[in-house]
Structure formats: structure tokens, C-alpha cells
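What follows is calculated from the coordinates using simple rules that are stated; it is not laboratory data. Predicted model, so just to flag it, every value in this text is computed and none were measured. Backbone-built Cβ (ideal geometry, glycine too); neighbour counts: all protein chains shown.
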Amino acid sequence: MRRTMLRIHRPAAALGVLVGLAGSIGGALAQVDTAPVEGLRENTPGLIALRHARLVVKPGQVVEDGTLVMRDGVIVSAGSGAAPADALEIDLAGKTVFAGFVDAQTDYAQVADPAPPASQPPIAMPFSPTPQQGARHWNSKVRPERDVAQQLKPDAKKAETLRKLGFTTVLSAPDKGIFRGQSALVALGESTRANDVLIKPQVAQHLAFELSRFPANEYPGSLMGAIALMRQTFYDTRWQHDRLAWQAKHRDAERLEANLALDALEAPLAGRQPVLFATEDELDYARVLALGAEFKLKLILGGNGYEYREVARIKNAGVPVVVPLAYPEAPAVEDPERALDVGLAELEHWEWAPFNARVLAEAGVPFAITSAGLKKPEEQFWANLRKAVASGLDEQFALAALTVQPATMLGAADKLGTLEPGKLAQIVVADADLFRSDKARIYETWIDGKRYAVASVDTPDPRGVWNLTWRGVNGPASIEIGGDLPDLTAKAGDKSFPVSVGDRRLSLYPPGELVGVKRERLAVVLSLTADGVEGRGQIDGAREFQVSGKLATAKPRVADAAKAKPALPSRERRYPYGEFGRLAPPPAQNLVVRHATIWTQGPQGKLEDADIAVANGKIVAVGKGVKAPAGAVEIDGRGKHVAPGIIDTHSHMAVAKGVNEGSHAVTSEVRIGDALDPTDISIYRVLAGGTTSAQLLHGSANPIGGQSQIIKMRWGADADGLRFENAPPTIKFALGENVKQSNWGDTFTKRYPQTRMGVEQIDLDTFLAAQEYGEALAKQGKSGEPVRRDLRLETVWEILQKKRFVHIHSYRQDEILAFARLAQRFGIVPVFQHILEGYKVADVLAKLGAGASGFTDWWAYKMEVADAIPYNGALMAKQGVVASFNSDSDELSRRLNTEAAKAIKYGDLSEVEAFNFVTMNAAKNLRIDQRVGSLEAGKDADFAIWNASPLSSLAMPEQTYVDGRKYFDRNDDLAERARIETERERLIGKILPERVKALAKKDDKKDKKDDGAKPQFAGSHDGGVTTADLVHFATLRGPYHDGEPVNTCSAQEAH
Amino acid sequence: MKTLLIAVLAALAGSVHAADKPVVLAGADLYTVSHGVIPRGELLIEGGKIAALGAKVDAPAGAERIDLSGKRIYPGYLAANSNMGLTEVDAVRATVDQAEVGAVNPNARALVAVDADSELLPVARANGVLSVLVVPQAGDDGLLTGQSALIKLDGWTWEEMSLKEPVGVHLAWPSTRVPPWLPREAQEKAAEAAKKKLGEIDQAFRDARAYRAAKGAGKKDLRWEAMIPVLDGKTPLFVHADNAVQIREALEFSRREQLRIVLVGGVDAWRFADTLKARDVPVILGSSHNLPLRRWEAYDTIYANAGKLAKAGVRFAIANDAQGSSNERNLPYQAASYAAFGLGAENALRAITLSPAEILGVADRLGSLDAGKDATLFVANGDALEDATQVERAWIQGREVNMANKQTRLYEKYQRKYEGKPRD
């Protein structure tokens, strides 16, 4: 096989022409087989030396004119030494050799998932677990036991596509479910025998927040449900482990059921197997990291392109990331009216996306780059990667992200990632400027010592000045070939003509006159070798002529030089990104407001011409002539009203991807706090209405919903920063039409309960179950038998222990009374939410000590609100019930002050009593009245400065403070609007040319994109979008939305 | 001709119930809307009309005198975009008659489906909403939804309640605006649906014109018959359009078709203020109690809308969003939120009284306290734009109406419970 004809001497650099065929070199299979040999044995020697190449041994380590020696598919050496005498030598002068690229996120070589069994619940049916075959988990989205390596089906065509991009090994990752299963590292050789290509099985366990979507009604149907299911499953795994150990010592114990899913999770839970956790948006990182910390997982983040926004968090967690290169298309800004619908955060992302990898690199976050997420990787992968490099990503980092990084994070650094001895002979032969120039090419890849040509290296580069000798015709004695491959042109004097090259041939197409024949043009095909060209042709169908030539002066392609690093789009980093984001939290400032009307809502009542002093985030004094704290800013409050921050006891703002886990009747394990969306613009908007705290509740789709989250409106903080510290935990329960699915449509008639009778019984049954759970926990110490941690019952047990408080959605007096009696029986004191007929049983509520948090005047939209009256609040208050008004609406939440005024109109309460409905009474109902709700020394400095009485419909807050920090200021807001307008105009101006170009291209070929699994879209009769659609698909709504009302009671859904 | 007859009959019916005895409302501040406030003035009601008003009026002998010292008198609110009477319990289909099936229903009359005994009407009336434009709503496919009617909230039947019918033919302009997070399929379907609907609108107007051109030569078509007054410019076309794309398309359409339109909704109307002014297109704004359409817009974008229209000189009224008849009573507070952010209280009050009367063509009868107009007014114990203020009494065409309603009855009933009295 070692033939001199393969030797190509310098300086004649070879060129590449796409040939797409596997080469014939290195035929030896690199694996030691176990299968019997059929026919003759193959024993082609496997010792190969690649010579005179520029070897990039690993990022930052380059050997010019090096020699790479491989034997039987394994790298023996990579350095400047000579080739072993017995090696097959291949001259790669002028070429650069990289370690083969690894893609850490593909679906390569997977068989399609079997279709769901016919027993799949039809549309809108109640929950019924889809049985999985085998001893598996009850939930069909939990299938960690799935092992891709068991089902590999190498796909020669797809492998070739990936090889052309330089990939030699990919991670074949399962992509369906919540616990998706285990991935395999697979080489991209042409063998379709899984044994040949499997490099490593069970590489990682794959997780994702996958929800069932309307109209499927399988658990989980919300992000918080998915998180709860993950936690429960990990706890089950731990418990199974402990229980089996205990069982081994107690031979008479009841045998534990078999569960392959939990078996499969032992390794990741013990840190033996990494967990590659897919994310959908920038808020998912924190959620994933929290799970990782809770269960001490060895995490790899599956990125989504927004990592630059959360780089500090990712860096601090020390977790590697697999980063996609899918940049957003230019937003639709060509129509000014439609462009209004594109937000600033979205415009900014268009500009920032190519800088994502650079930001990670500069922050020192280890990351791999994947082609996943690209619609046309063969066109986009290198274009986008080079765009990242052009945006300042260091080429060494780009190389590492395709080699060392994925190899390391997937536990295959001993086999892949560099050209060091002992590694698998997986290499890429390319131009030196592969990472920066669109003209650079990949010539071939080697996998396990076998060569796969992408472009031929055997054909020399013909560019340069040629001396030609013609016999039989009078051709030009000298031509110069130039241009970019594959579009070459030859020049002879003042004439030029096309030239093509490939397959070791050079073809000239000169006009007839140039060679003195009467023909428009003729074709002269020449054999091309390192020594020159030689060939013949025929004219007039008879006369033969000969041509030969030598390359006098070679002018091969010169690699592009590295470009200067551009500046980042902005040095400012706001949170949230885009409109109204904050550069930093507002400073904590000692201050005193003087000569204002102060609504203390405490024992001091309403004070005229009074002062309030704030220090270190707390109120230190309220009264006349108070002493200013050290360094206090003085605010002239003349003509102003200072009032406590408004507290909204019922809100669904700032919750991502579902406020209802409405699949099961009892879902006390889900936590609103797991799904917080700190980018929700509602937070900022309610600040502008003087609201500073809110209870974010689960919806009312089921009798026992999820755990609530009380927040402060610290706009600009992350999810954790929003939480109201040490607020007593609460939970949402619900009664009436929503939980019995009265208004869900005719198909929802099967889930228990369907009547108020059933609602009462399921609450009772759950309380009893929780009691039994609590008793079992108490007994655990005696028998030593590990009790399964049941997050659902554990939460209810907290209620019974008075560690968690029930907020129960209620309308009619019968259901209110029924739950009041249950509450009495279990010794709990709930707060009734909505409680529209509370006025009918106010005496019962007062006796129970229950709180009441209602709407002011909503009524008539469904049957159970037929008897709702706006006098409800006042009537209950007069009976001694702590009554408050809430919004249940992101719109109403910003003007609860005027709702309070309605308690004067309807029921003749005093001003202070009425305002208590949205301040002090609301605080009491949330059991946070020691901290907020009134302006008293020692309380949190949460307040607003109004330009008029806060009870006036004409009043507006001028400033709103949380913890003594000014989170809203109308003047700052006006300045921010101007900035937003300017930024929008700048970005739209920048995007327009690209968008117009993209549109022209789109018109050319109507490209139908497939977004994969399509949720079933209900729509109106003619396809228009209805309010119901917004509600049904609210679980698709990620961060940075417009704040459309999808999460309100009035949306006729269950909230 | 027929509709004219009904209007005449309705007017007659109204007068039958008007109080015969003259009444002087004395001592209250008169918020005339048309000519400022008359402090501690007097207002004479006679024959269902405001006969006179001023610091003092010459009351005929035998006139009843009602002392309203310390109170305020306002012209009744006119709710200019409502489904009042067409729906009782939104979630119960049997009680909802607001949207006819199909896209083209210009002949549908809201008036004939108004339930005079709806529990919702007295609740609205109790807060000063005394006249209501009842508007046929768009179903999923609805475009030309029907004809609206102006009613007073008093009368035994819809016939007696009617003040003017038809007021306009209503067109729900299709929207392509879909949140970007909805499935792509939804985006595409919505775009296709809107495109199809735009074609249907064009077709409907072509067909209607063809029908008019035929001058009744062929068989009757109720739909196109109802369109003739619109094409003749005698009845305005009320185009319901909220976002900028809808408004732009609606304005283009009305210019192309040479139609007299009223824009209803108009969330983005302020972006077109100069155009609306130049073309004298009046606007019936929707509720201020809505969120900005877009994340990047200022929190007060909607609140500031009315003030910007006022500044540009656009004729406009403030109304509800036509889906909230159970809380039509909150109309003044919706006006107040516009008032607080640039419109001012005086303009806000006008926008729910005289301005809608002008736009609906009934300013000769309603909208202000002026001699000769209907005595349709109410008494409040304070600034009527304030939530805390209580509306105490009201007159409709000179007849004092009962302020009790289902809600006050329940309130009284359960007060009795806590006073230890037996259930009735």
C-alpha cells in the first residue's frame, strides 16, 4: 500500500474537492472482534503516519511540520519525529490536523420511539397512568432505565453528514420524557454494526422539564409538577436503596416491588453517572442547579443559547454546559406596526446570541458546542461557529469546545479529545483557519484509524502560473489559474476562461480562438499530479493534440488571518434583560419623609403633617419631627401621602409554565416557588401601583393544589431574591365549580370529584392519609423500617402540624361551611380565598378565626358567583372576620388601592378600615403582619409615596420602596422609557437589512419548518386564537412575555 | 321606516312613564358637563325633561321640592359599548345571547334580545349608569356582528327601554396578534384565519354594494338590506379594533370604502391620534383597566391613551370592553384611571356622558344637564369618579328609579341574619 504516488511533495499543497467517499487507506478494523470470521481474514497493516502536517495536539499545543503515527486505530505518537520505517506514510503538507470533534448532544443512531400504546388517554380524559411494559415507573415520563446503547442503529447517511462537519464521535442522547434514559458515545464510522461504533454506553442520565400539554391530562402538566416528580423519584430511589438494605436484614419483611427505573437512578444519585439536564430558557439554570444541589448530582447543563445572561450563576456552580449555536432569526421588524410586538429583550438577544460562547469562555465556564438545535447543521454549524469566533470567541476555546471539553464532561477524556498517544485515532484534516474562514475546508476525518474523505487531498492545488506546451494546436504558453475553490478561472493574456479541478484532473475550457481552432469553446481534460499536467484532446473529430505543463509558480490559498476581537454589544448587563431591567439593585438608603400625610394602618392611625424615618431597610420612627437616621436622605412630603406597601393575597403573577398542576386531584407536592419567573413585567407594573408583596398561588383546578410562594416585588432580583424571607408556608386548596370541572367542557366528567360531596370527602381522606403518614414517621425509629418520603402527604402533614397554612378558593356558603367543619375537626385555621358568599356565614368564619380574602365586586360570570355582593368584605369585617381584598389579576393588582375604597362605598367602612383591606388585613391573612402591612417602627420599610390619598381613583404612586430600597420612581421610569425607545430604534435599524434579506430568501423557497412535536392547538372554528387557547397553552409561556392575562380567575379556567 | 316607527313608539312609551308632577332638585352642586358646575343650584324636572336649571329656577306651582344639599348631581353615564341584557351568567350558555353564529350578521338586532328583567341592569343603574349601548358581540368567526341599540335602564320591555335603534352596524376587525410563545401552528393558523377574514369583509361589502345597486330588483337579502344605511353613510360602521395593525387596516379599509366609521376599542389609538383627528374618526375607547399590550410599553400606556387623544383633538368617549356587563357599574373608575394620567377629571366625566351621546347621535337628549334634555341624571354624595362615593338616587327621563337590586337585597337580608332576625 505504501506507494510513492501517494506522496505529495511540498510546496504543492493539495486541494479539496468534495468526493464524499470513504478512502481506501487504513482498511484495518480498529476493534478486536468477538464475532467469528466469515470468509477470508482481513489483515491490512494498520500502522499509518501522517506527515508534514500542522498538528494541533490539543488546544494551545501545535507542532508545525509534525508526524502523527497511529496503529490499529490508536494514536501512537504526535510530534516532530520521523515516521516509523514500516508505516504507511501520507503527506499532509499544508494541512492542519485536529483531534476529531465530539458532539455532546445528538439523536444519532436511535430508533424512533415506539408509538404510545393504544391505551393512551384520549383528549381531555382524566389522569390514568399509561402502563409501561416491564417493571417500570408508574409515570410514562419516568424512564431512566432506557439505555440507548441497547438499541443503537447506526445510520450511514447521517454519519456521513456529521463527518462532513468534522465530527467523529457523538453522544446519542435520549430525548423524550422527564427522566429520559442513558446516552451512549458512538463513533461515526461507516460500520452499521453497533459493536464497532459504540465507544461508551450509559454515559449520562438525561433529564428535562417535559410536561404533558393540553388536551392530554397526564401528570405532570406544569413545570412545578415536573420538578416535584423529579424530586419524588430521587427520594424514591434513595428510599428503595435503604429499604432493600433493611429488607436484607429482615427476612420476614414484606418484599418491596421491583422498579427498574429506580434501579437505574442509583448511579446518578451516587455521583457515578453524570446527569445531562436539558434547559429551555434562562430561568431553568437556577432550577436545575437547585435540583443538582439537593441531590448532589454531577450535572452537565444542556444549554439553550441564553447562557450569557446567567453566566455568573453557571460559573459559580462550576457546572459544564453543552452550548447550542442556534441563533435567533432576525425578528420581524419590517412592518412598523407589527414591529411593536417585538420586545426589547428579544431584539437584544438577536444581537447578543453570537457572543454567547465568548461570554462563557471569558468567564471560565467549561463548555462544549453542539450542532443540536440547528435546522440545517450542514449549512449553519460552521457558519454559526465562525460567527461566534468573529464575535470574539477565542479559537482555542472553540476547538476545546469540540474536543477536550465534551470528552472530559462525558468521561471519555482517556479516549477522545486530543492527539496524544493512547487516544483513539479520531482526527480531522482541515485548513489552519477552519475556525475563522468560510473558505477553509475540512478534507477528511479519520475514525479508529480509518480515513473518510470529505474532500480529496490527492489532487494538488493548481493555483498559480503554469507553463504549457501544446502539440497539434497553438495554445497559450502560459496561463495563470486563480480564484476560490471550486470556482477557478484561468487567464491567458487578456483572455480568461473557466477551469475546473477534481478527481486528480484539471479541466480547461478555453475559447477556440485561443488555441487557433474554429470553435466557440473546447474542453481540455488533463491529468493532474504533483509533477504537472498532461493530456490530450481531439478536434474536428479526427485530429489529436497533446498538452503538458508544469506549475512554474504555485499560488496556493493563504489562510485568513485572525481578526481583532470586537466589543461586546454592551458593557451594561441588566436584570431582567431588555426593557425596565435594572443595572443593579436599588441602593439601601436611610431616609426620612417629612410633612406628609401618613397612613400608618397601625395604632397611630392616619397622621397629618408627619414624618417617617427609615434606616437599614426598616422603619425606625413615625410621627412628628422624628430624628433623621445617619446619612438619611430628606424627602419633602408636603402634599404627599405615605402609605404601607399594598399586599396582594391572591396573585398568579411571576409563575412560569403553568399555575395549575390540574392532572391529579391532590398535588400538594408541587411548589409555585420552583417555577418563579423574575422576568415577569407584572412585578414592575404592580410596583408602579404601590404593591410591594403578594402571595403567588397555585390555581384551583383541583381540590388540593400546590404550595404557594409569598414574594416581595424586588424587581431585578432573581427567583430566590423575590422570596419573602421566613414567611410562614402556605398552600392552595379549592372548592366548587373549578375543582369539580363544571366549566371545563363536556368531556371532563371522570376525574374524582365531580360534586361538592366528593370534594369534602377527598379533603377528609387526604387529611386522614396525612395523619397516618405522620404516625408512620413517628414509629419509624422503633422498627427501623425506612418510611418512604411522600412529598404529597408530607406537605399535608405540615398543615396538620400547623407549620403550613391553607388558603382555600371558595364561593358558596355550603362548601365554605363544610370546609370550616373539616378545619375544626383537624384543628387548622384556614384563610378562605374569594369567599364570595362569606357574608352568609360570617359568624362561622369569625368563630373559627378564619381569614377571608375576596374580590370586591366581581360577580355573575358563573353560577357560583350569582350571589356575590360587593358588601361582602364589610359585612364579614363587621362580624369580626379579618377580611382583605385581593386581585387574582396582574391588572387589578396594580390598583388595589381603589378596590379598598369600595369598602367605603359598599358597607360604609372608615377610610382606615377600608385601606386595611389591602394592607394590614392582607398581612394578617398571610401571617406576615409582624413584618409588613403597617408603618410602625421595627417593620420592613415597604411603602409608597402617593400624590394624593391612596384611596382616590385619581392617585398615583410617585415612589415605591421595598426594604427601604426605592424600586419604583416615576421620574426614573420616564427616563427608562426614553432609553427603551432609543435602544429599540438602534436595534431595529441594525436588524432591518438582515431581515429584508431573509424575507427575500424566504419568498424564493417556501421553507416549511418542523418544530417537532406539535401541541394540539384548539383554536376557534376558523383557526383564530381564542382566550381559551392562551389559557390552555400558558404552560408554554417562558420568560419575557408581555404579561398577557392567562392566569386569572376571570379567564374561565381554573385558578 | 320600520325602525323609525319603533323609535317613535319607544319615545312615546317613555313619556307615558315619566312622572307627571314637576320636581325641583335643590341645593346640590350641578355638574352640567356642558357648562361647568353650578354650585348649590336648582334643577327643574318636568315632562320627563330638564325644564330649567341654574342657581334658582322658577318652579311651577305644586312642584315637589327635594332638598339635596351637600350632594352632587350628574347627568347619567352612558355606557357606549356593552353586552348588557344579552348575557346573564357568562359560563351558562343558555343565558348568553350576545354573538350570532357565522361571520356576516349585519341584520342581527341586539335590541330584541335585551332581557328587561336581567339582574345585571339594576346593579349598573345603582351606580349611575343610566343609558347603555347594547352591542352584538363577535363569536369565534364573527365579523359583521349586527346592529347596536341605545337603551335606558328603565322600562318593562326592550321596546320601552329603547332610545335609538339602530345606532350602528358593528364590525369586529380580525387580529393576527398572537403571543409568540403559542405553538407555531397557532401562529400560522391565526395568520391564515385573519387573512381569510379580511377577504370575507371585502366580499361582504362588494355583495352589499351589488345588492344596493340592484335597488331591490331581486329577492330580499336581510344581510345586505341592513348594510344599505351603512353604505349610504346614514348609519355609522362601528369598527372594533384594538392593536396598531388592526387600526391601520381599519382606517385603510374605511377610506377605500368611503365609510363613516367609529373606532371602538382603540388600545393603540393614541399612535394614530393625528390621523384620527384629521379624518374626524371618533373613538369609543375601551376600559383603562387593562394591561399594556406589550412588555416594553410603559406601565401607564393604556391610562395615558385618552389624554393623548384629547390633546390631539380627537373626538372620543370612554366605555367598557363589552364583555363585562356585570361590572358596567365601574365605568366611572375606568374613566378615572384615564383622568389620573393626563386626561383630567373634567374631560373624563365628559367622556362617559356628553361625548358618547355626541358620537351616538343623541346629544340633543342625553349627556349633560341642559334645559330641554331628558331628565336622566343621578345624585351622589361626593365626586362620582371616586370609588368610595355612593350614588344615592337617580332619575331616568324624569322618573325616579329604584336603586335597590339583587345585591342590596342580599345585603339587607344577611344584615338581618346578624341582627338575630329569622330568615324570611
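The table that follows gives values for the structure above.
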quantity: Cα-projected label distance for residue A:469 with residue B:421, points at 7 Å along beta-carbon direction, nm; calculated: 12.8 nm
quantity: Residue B:409 versus residue B:207: modelled label distance in nm, points set 7 Å from Cα along the beta carbon direction; calculated: 4.5 nm
quantity: Partners for residue A:657 among lysines (Cα-Cα distance below 22 Å; same-chain residues under 8 apart left out); calculated: A:141, A:176, A:712, A:732, A:1014
quantity: Cα-centre dipole for the protein assembly as shown with unit charges at Cβ (Lys and Arg positive, Asp and Glu negative), debye to 20; calculated: 2080 debye
quantity: Cβ-based net charge around residue A:550, under 11 Å, with every Lys or Arg adding one and every Asp or Glu removing one; calculated: -2
quantity: Relative contact order (%) - the range B:199-270, alpha-carbon pairs under 8 angstrom, separation at least six; calculated: 29 percent
quantity: Mean Cβ neighbour count within 10 Å, used as a protection proxy, ranking A:142-155, A:709-722, A:659-672 highest first; calculated: A:659-672, A:709-722, A:142-155
quantity: Interatomic Cα distance distribution for chain B, bins of 10 angstrom, percent; calculated: 5, 21, 30, 25, 13, 5, 1, 0
quantity: Förster-model FRET efficiency, 25 Å R0, residue A:487 and residue A:523, C-beta, rounded to 0.05; calculated: 0.90
quantity: Degrees, to the nearest 10: A:223-249 long Cα axis against longest axis of chain A; calculated: 90 degrees
quantity: Mean-position separation - Cα centroids, the range B:358-424 and the range A:198-216, in angstrom; calculated: 62 Å
quantity: Helical contribution to [θ] at 222 nm, DSSP H n ≥ 4, -39,500 (n - 2.57), averaged over the protein assembly as shown, rounded to 500; calculated: -8000 deg cm²/dmol
quantity: Calculated on alpha-carbon atoms, Rg and Dmax of the range A:734-877 in Å; calculated: 17.3, 57
quantity: Rounded if a/c under 1.5, otherwise prolate or oblate - the range A:464-554, Cα gyration tensor axes; calculated: prolate
quantity: Long-range HN-HN contacts of residue B:401 with modeled amide H, under 5 Å; calculated: B:394, B:395, B:396
quantity: The protein assembly as shown, Rg to Rh (Cα coordinates; Rh as Kirkwood inverse mean 1/r); calculated: 1.05
quantity: Protection proxy ranking, peptides A:866-877, A:253-264, average beta carbon neighbours within 10 Å, highest first; calculated: A:866-877, A:253-264
quantity: Peptide B:84-91, shielding by other chains (average Cβ, 10 Å cutoff); calculated: 4
quantity: Lysines whose Cα lies under 24 Å from that of residue B:219, excluding same-chain neighbours fewer than 8 positions away; calculated: B:2, B:234
quantity: Relative pair counts by distance (%), Cα atoms of the range B:210-288, 5 Å bins; calculated: 3, 15, 24, 20, 13, 10, 8, 5, 2, 0
quantity: 10 Å Cβ neighbours from other chains, averaged over peptide A:850-861; calculated: 4
quantity: Cβ crowding within 10 Å averaged over residues, with A:375-381, B:271-277 ranked highest first; calculated: B:271-277, A:375-381
quantity: Charge tally in the Cβ shell below 15 Å around residue B:167, where Lys, Arg are +1 and Asp, Glu are -1, residue B:167 excluded; calculated: +3
quantity: Karplus-derived HN-Hα couplings along the range A:630-641 (A = 6.51, B = -1.76, C = 1.60, θ = phi - 60°), whole Hz, x at Gly and Pro; calculated: 4, x, 6, 7, 9, 10, 6, x, 4, x, 9, 10
quantity: Relative contact order computed over chain A (Cα-Cα under 8 Å; 6+ residues apart), in percent; calculated: 11 percent
quantity: Rg ratio (alpha-carbon, reference 2.2 N^0.38 Å) - the range A:35-90; calculated: 1.41
quantity: Residue-averaged beta-carbon neighbours from other chains (10 angstrom radius) around B:385-393; calculated: 6
quantity: FRET E, pair residue A:982, residue B:311, Förster distance 25 Å, beta-carbon r, rounded to 0.05; calculated: 0.60
quantity: Over 25 Å (Cα to Cα) - which of B:164/B:373; A:624/A:966; A:627/A:924; A:606/A:878; A:315/A:565; A:315/A:376 fall in this group; calculated: A:627/A:924; A:315/A:376
quantity: Per-residue HN-Hα couplings for the range A:404-414 [Karplus 6.51, -1.76, 1.60; θ = phi - 60°; Hz; x = Gly/Pro]; calculated: 4, 5, x, 4, 5, 5, 9, x, 10, 5, 6
quantity: Positive-end residue of A:623, A:526, A:276, charge dipole of chain A with Cβ unit charges; calculated: A:526
quantity: Mean Kyte hydropathy of 1.0 or more with a Cα span along the axis of at least 18 Å, helices from DSSP in chain B; calculated: B:2-17
quantity: 16 Å reach of a label modelled at residue A:775, 7 Å along Cα-to-Cβ, counting backbone N of the range A:817-850; calculated: A:826
quantity: Over 16 Å [Cα-Cα, the range B:95-173], rounded percent; calculated: 49 percent
quantity: Kirkwood hydrodynamic radius of the range A:354-462, Cα pairs, Å; calculated: 15.1 Å
